[in-house]
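Notes for the one structure printed next.
The numbers here are math on the coordinates, done by the rules we state, and not lab data. Worth saying up front: this structure is predicted, and the values here are computed from it rather than measured. A quick note on method: Cβ atoms are made from the backbone with ideal geometry, for glycine too, and the neighbour counts reach across all protein chains shown.
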Amino acid sequence: MSKYAIGVDVGGSHLSCAAVDLDTQVMIEGSFSTVPIDNNASSDAILSGWSEAILETIEKMKGETLAGIGFGMPGPFEYHTGIARFAQVEKYYSLNGVDVASGLRVKLGLPSSVPLRFMNDASAFAAGEAWIGSASHALRSVSITLGTGFGSAFVCDGVPVVDGDDVPQLGCVWHLPYREGIADDYFSTRWFVKRYFEKTGMEVGGVKSIADAAHKSEIANSLFIEYGNNMGEFFAPWLKRFGAGVLVIGGNIAGAYHLFGPSFEEALKHSGIDTVIKLSALKENAAIIGSARMIDPVYWEKIKPILPRM
């Protein structure tokens with residue numbers, strides 16, 4: 001079997017992919033490709049855009065035999081069948097009910113002997129960090145991505161945990177009740193934008209603008225302290241329940257960790273949590289690497305049974 005797999009990170013506005021050497025556990029230098037995607041386009045246009053980037057990476061592999069392709073895919077999605085279920089979300093709605101696996105196989109011109117495998121994108125990020133990233137030395141870890149949305153996954157021995165008494169329903173936390181809404185309302189970009197407007201009456205495009213103002217604006221700085229306190233209050237019970245040795249933080253908002261990290265860590269300490277906090281080592285490559293690992297036959301046997309429940 002070839003040791004080269006392609007990992008694919010499917011985002012809402014772009015797709016990124018690269019080849020990964022499964023033996024050495026590194027991305028192949030020069031194999032990275034990315035394309036912008038209009039998630040409101042037709043299903044054929046979306047799949048053609050995805051295929052464009054993947055074919056570019058295949059070309060960059062310079063004749064190496066492809067073992068398979070793993071996809072970190074946002075939900076709702078049938079990860080075990082490759083069929084999209086985007087009926088109740090605002091992105092990729094034209095793919096709802098589409099057999100993405102079969103459609104991509106045709107566009108890529110790949111035989112049935114080359115597997116195409118899918119897992120949740122947040123789970124792929126966490127799997128990558130647990131394999132060779134910031135959580136590689138922890139048996140149990142939690143990884144979160146803070147950005148437009150609030151991604152999360154619980155991992156034990158490299159494999160995402162999606163059910164059981166020690167994790168939330170679905171093995172993620174974005175949908176859990178918090179304060180006057182759900183966690184995603186409080187730990188994604190829109191919380192900062194909304195809260196900053198409430199405090200100042202000014203509209204901003206994202207968290208970076210608020211972070212840039214924090215060194216001279218007490219209001220901006222106070223938002224990050226509030227954010228960290230809220231996150232500590234919300235996460236402490238789950239970190240304790242799961243017994244997480246490491247919490248990995250990624251996503252665009254992680255760039256402002258110096259502003260919200262102290263209050264977050266203090267809130268965890270106050271709750272008696274000694275989980276080690278680490279920023280993502282792999283960053284945007286984590287989901288690519290985690291997705292590619294699905295092509296490893298030993299890892300595939302571990303993760304395959306949980307995909308229907310992901």
Q) In segment 170-219, which GluC sites (Glu not before Pro) fall in coil by DSSP and have 11 or fewer other Cβ atoms within 10 Å? A) E180, E203
Q. What is the fewest-to-most order of V35, V20, V98 by other Cβ atoms lying within 10 Å of their Cβ?
A. V35, V98, V20
Q.
Can you compute the helix-only [θ] at 222 nm over the chain? Use -39500 (n - 2.57) per DSSP H run of at least 4 residues, normalise by all residues, nearest 500 deg cm²/dmol.
A. -11500 deg cm²/dmol
Q) segment 1-23 to segment 139-166: how many Å between their Cα centroids? A) 20
Q) Fewest to most neighbouring Cβ within 10 Å: what's the order for M202, M231, M61? A) M202, M61, M231
Q. With charges only on Cβ, +1 for K and R and -1 for D and E, what is the dipole size of the chain about its Cα centre, in debye, rounded to 20?
A. 140
Q: Within segment 1-104, report the GluC sites (Glu not before Pro) that DSSP leaves as loop and that have at most 12 other Cβ atoms within 10 Å.
A: E29, E90
(Q) Just want to confirm a number: the relative contact order over the chain, from Cα pairs under 8 angstrom separated by 6+ residues, in percent. (A) 21
Q.
Could you tell me the relative contact order of segment 136-281? Use alpha-carbon pairs under 8 Å, at least six residues apart, and round to a whole percent.
A. 27
(Q) Using just the Cα positions, wrap segment 136-281 in a convex hull and report its mean projected area in square nanometres, one decimal place. (A) 8.4
Q) Roughly what angle does helix 189-200 make with the longest principal axis of the chain, taking Cα atoms, 0 to 90 degrees, to the nearest 10? A) 30
Q) Which net charge results for the neighbourhood of R85, defined as the other residues with beta-carbon distances under 13 angstrom from its beta-carbon, given Lys and Arg at +1 and Asp and Glu at -1? A) -1
Q: Sort S217, S13 so the one with the fewest other Cβ atoms within 10 Å of its own Cβ comes first.
A: S13, S217
Q. How high is the relative contact order of segment 65-195, in percent, counting Cα pairs under 8 Å that sit 6 or more residues apart?
A. 18
